[in-house]
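To start, the structure under review is shown below, and the notes come after it.
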Amino acid sequence: MTLIGFATLSVAAAYAVLALLAVLVWRSRRSSLAAPAMPPVTVLKPLCGAEPGLYQHLRSFCEQDYPQFQLVFGLQDPADPALAVVQRLMADFPTLAIELVVDPQQHGSNRKISNLINMIAHARHDVLAMADSDTYVGRDYLRSVTAPLLDQKVGLVTCLYRDVPTRGSWSRLGAMYINEWYMPSVLLAWLFGHQGYVSGQTLCLRRDTLQSIGGLGAIANHLADDYRLGELVRGLGLRIVLSPYLVKAQHDETTLDSLTGHELRWMRTLHVLRPRSFRWIFLSFSMPLAILGIALSAIEPAFSSAAWALFWTALGARVLLHFVHRLHGDRPLWSDFWLLPARELLMCWVWYRSFFHSRVRWRGSEFDVGADGVMRRPS
């Protein structure tokens, strides 16, 4: 048991240090410079509901420092409150090429992709940028994410994102999940050369690439539609570029049930994508793993000093990971530190529950998710 404890501590310390290193290496990267030639772009924004800050998020896409671009907003329900937000934008930017598409037609179980399919017929340009409704960007966003596509060997550009919570502890816990566990995990894989990450927060590609994979209909029934899109693009022999541009995303959770429901869906997605390695995800929960390891190994005098050194290394790296994404941020540095133990315990609980859930809830509907990642209505 002592040896198991020592090994557990070693894994916890190694993962925490490597994750921190990956984040620091990423932050040291320079933003990519825009290419001299900037092709016209159509930005597709599927909407569903008027979440907090929606007007400000959408407005950031209207204020791009880019010579020619079109914005297409899509809704499936004419009574959706997001309609009024788009109409306000159209009034505030009368000279901007903005188009609103309201179409209830459903093309698959993935409602977001169905919405995009309805919208894409209205896209005027051959470079397409798709971004979620809760995404907030700076004026140089389009310059950064379109530049890599001038290389014909690049098929898709995507971005990392940082969650910015609304008020309330549940939102802050949810943002910590993304900022302090998921994104560092993505960056750790990136540090070791993995190029499979694709995020729906930004998907930028050429129209001919999309047509070559069969259009958006090819991913209309997939839970992890962004990941599947990446697989299909790589299948064409094209590269996926992870842009150094970091977008912001609003995170709003009103209840514990809402928080765990979202995280269960995300964990279930990871389970579908990585069925063999998913059970080992607990090795990335460095703080609970370190506590378990020290409990098993510290009682043995021969290991005590080394065990405590590993414990404090794991704990210190995890705490630094909590703070590093807050540097130069817009929130107080210490504001959520007291939530750290709750976040770690909740992570373990959601991961454990995900083994017993094959059903996910999304946009008010429930789906069974098969091993192929396809969503199906419960029978």
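For the stretch 202-226: of the residues being touching a residue at least 60 places away in the same chain (Cβ under 8 Å) and open to solvent by 40 Å² or more (accessible area, probe 1.4 Å), which is nearest to THR269 (Cα to Cα)? Selected residue: ASN221.
For every residue, the table says whether it meets (1) surrounded by 15 or more Cβ atoms within 10 Å (Cβ to Cβ); (2) in a loop (DSSP other than H, G, I, E, B).
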position	(1), (2)
GLY261	yes, no
ILE291	yes, no
PHE311	yes, no
GLY316	no, no
ARG326	yes, yes
TRP334	no, yes
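Looking at the structure I just gave you, is ALA14 buried (at least 16 other Cβ atoms within 10 Å of the Cβ), free of Cβ contacts under 8 Å to residues at least 24 places away in the same chain and out of contact with any His (no Cβ under 8 Å at 6 or more places or on another chain)? Taking the combined requirement at face value, the residue satisfies it.
Among the residues of the stretch 306-328, those identified as free of Cβ contacts under 8 Å to residues at least 60 places away in the same chain and over 20 Å from LEU296 (Cα atoms) are VAL319, PHE323, ARG326, LEU327, HIS328.
The set of residues in the stretch 147-162 that are crowded, with 19+ Cβ neighbours inside 10 Å and under 12 Å from the mean Cα position of the chain (by Cα) comprises THR158, CYS159, LEU160, TYR161. Taken as a whole, the structure places SER304 among residues that are of a type in the set (S, T, N, Q) and either more than 12 Å from VAL11 (Cα to Cα) or modelled with pLDDT under 90 (or both).
Would you call ASP257 open to solvent by 30 Å² or more (accessible area, probe 1.4 Å), within 23 Å of the chain's Cα centre (by Cα) and free of Cβ contacts under 8 Å to residues at least 12 places away in the same chain? Spell out how you get there, then give the answer.
Working: open to solvent by 30 Å² or more (accessible area, probe 1.4 Å): yes; within 23 Å of the chain's Cα centre (by Cα): yes; free of Cβ contacts under 8 Å to residues at least 12 places away in the same chain: yes.
When the stated conditions are applied, ASP257 passes them.
Once the stretch 272-284 is narrowed to residues that are within 17 Å of MET183 (Cα to Cα) and modelled with pLDDT under 85, the residue that is farthest from the chain's Cα centre (by Cα) is ARG274.
Scanning the stretch 216-255 for residues that are part of a helix (DSSP H, G or I), of a type in the set (A, V, I, L, M) and in contact with a Ser or Thr (Cβ under 7 Å, 6 or more places away or on another chain) yields one hit, VAL233.
Okay, residues lined up against (1) modelled with pLDDT of 95 or more; (2) on the phi > 0 side of the Ramachandran plot; (3) within 25 Å of the chain's Cα centre (by Cα):
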site	(1), (2), (3)
GLY5	no, no, no
VAL11	no, no, no
SER28	no, no, yes
SER32	no, no, yes
LEU58	yes, no, yes
PHE73	yes, no, yes
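With the structure loaded, tell me whether ALA342 is farther than 18 Å from TRP170 by Cβ, part of a helix (DSSP H, G or I) and at pLDDT 90 or above or whether it fails that test. Please lay out each step first, then the result.
Values: farther than 18 Å from TRP170 by Cβ: no; part of a helix (DSSP H, G or I): yes; at pLDDT 90 or above: yes.
The answer is no for ALA342.
Can you go through SER114, SER144, SER109 and tell me which one is small (Gly, Ala, Ser), touching a residue at least 60 places away in the same chain (Cβ under 8 Å), over 23 Å from ARG239 (Cβ atoms) and out of contact with any His (no Cβ under 8 Å at 6 or more places or on another chain)?
Working: SER114 fails: out of contact with any His (no Cβ under 8 Å at 6 or more places or on another chain); SER144 fails: over 23 Å from ARG239 (Cβ atoms).
Of the residues listed, the single one that is small (Gly, Ala, Ser), touching a residue at least 60 places away in the same chain (Cβ under 8 Å), over 23 Å from ARG239 (Cβ atoms) and out of contact with any His (no Cβ under 8 Å at 6 or more places or on another chain) is SER109.
Against the definition (of a type in the set (D, E, K, R), out of contact with any strand residue (DSSP E or B) (no Cβ under 7 Å at 6 or more places or on another chain) and part of a helix (DSSP H, G or I)), how does ARG139 come out, yes or no?
Working: of a type in the set (D, E, K, R): yes; out of contact with any strand residue (DSSP E or B) (no Cβ under 7 Å at 6 or more places or on another chain): yes; part of a helix (DSSP H, G or I): no.
Answer is no for this residue.
Assessment of the stretch 260-280 against the conditions (closer than 20 Å to VAL43 by Cα and acidic (Asp, Glu)) yields no matching residue. Filter the stretch 163-173 down to the residues that are closer than 18 Å to LEU345 by Cα and under 12 Å from the mean Cα position of the chain (by Cα) and list them by number. Answer for the stretch 163-173, where residues must be closer than 18 Å to LEU345 by Cα and under 12 Å from the mean Cα position of the chain (by Cα): there is none.
Taking into account only those residues within the stretch 82-117 that are polar (S, T, N, Q) and crowded, with 21+ Cβ neighbours inside 10 Å, which is nearest to TYR55 (Cα to Cα)? Don't jump to the end; show me each part of the working.
Just the residues of the stretch 82-117 that are polar (S, T, N, Q), to begin with: 87, 95, 105-106, 109-110, 114-115.
Right, trim to crowded, with 21+ Cβ neighbours inside 10 Å and you get 110, 114-115.
Details: ASN110: 24, SER114: 23, ASN115: 19 Å.
So the residue we want is ASN115.
Selection of first residues in the stretch 178-196 that are in contact (Cβ under 8 Å) with a residue 40 or more places away in the chain and of second residues that are in a helix (DSSP H, G or I) and open to solvent by 30 Å² or more (accessible area, probe 1.4 Å), restricted to Cβ pairs under 6 Å at least 6 apart or on distinct chains, gives the following pairs, ordered by first then second residue: LEU188/LEU18.
The values are calculated or read from the model by the stated rules, or taken from the named source; none is laboratory data. Worth saying up front: this structure is predicted, and the values here are computed from it rather than measured. Cβ sites come from the backbone with ideal geometry, for glycine too, and all protein chains shown count toward neighbours. Just the protein is used for accessible areas: all its heavy atoms, side chains included, with ligands, DNA and RNA removed. Shrake-Rupley method; radii C 1.70, N 1.55, O 1.52, S 1.80 Å.
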